Amino acid sequence: MPYSVFLGYEKGEDGAPQIVPEQAEVVRLIYKLYMEGKTAYAIANILTGMGISTPAGKVKWHQNVIYPCQRALQRRCQTSKTARS
């Protein structure tokens, strides 16, 4: 796993993914904004405006950094809908 650019996780002492609490807050914010109907482009602009650094330490967010979070949330929502059916 490319931990240096993977938002929310770092390599733990045992080599397994370990949650980074500060980054987890950013992931939660991305999910919240997505659930409010914001696009990846809008979310990237919001995070840039808030002065939050990207996983790679850059100051400007791009929508392609947001897409993996959106896809994960979409899969989770689809799974939840299927489970309720």
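Coordinate-derived values only; no laboratory data. Keep in mind that what you see is a predicted model, and the values were worked out from it rather than measured. When we count neighbours, we look across all protein chains shown, and the Cβ atoms used for this are built from the backbone with ideal geometry, even at glycine.
Quick notes on this one:
- Sites matching GluC sites (Glu not before Pro) across the range 6-35 that sit in DSSP coil, with at most 10 neighbouring C-beta atoms within 10 Å: Glu13
- For Tyr9, residues with placed amide H under 5 Å, excluding near neighbours: Val20
- Inter-label distance for Met35 and Asp14, nm, one decimal - labels placed 7 Å from Cα along Cα-to-Cβ: 2.9 nm
- Per-residue 3J(HN,Hα) values for the range 56-63, derived from phi via the Karplus relation 6.51 cos²θ - 1.76 cosθ + 1.60 with θ = phi - 60°, read 8, x, 7, 8, 10, 8, 10, 4 Hz in sequence order (x marks Gly and Pro).
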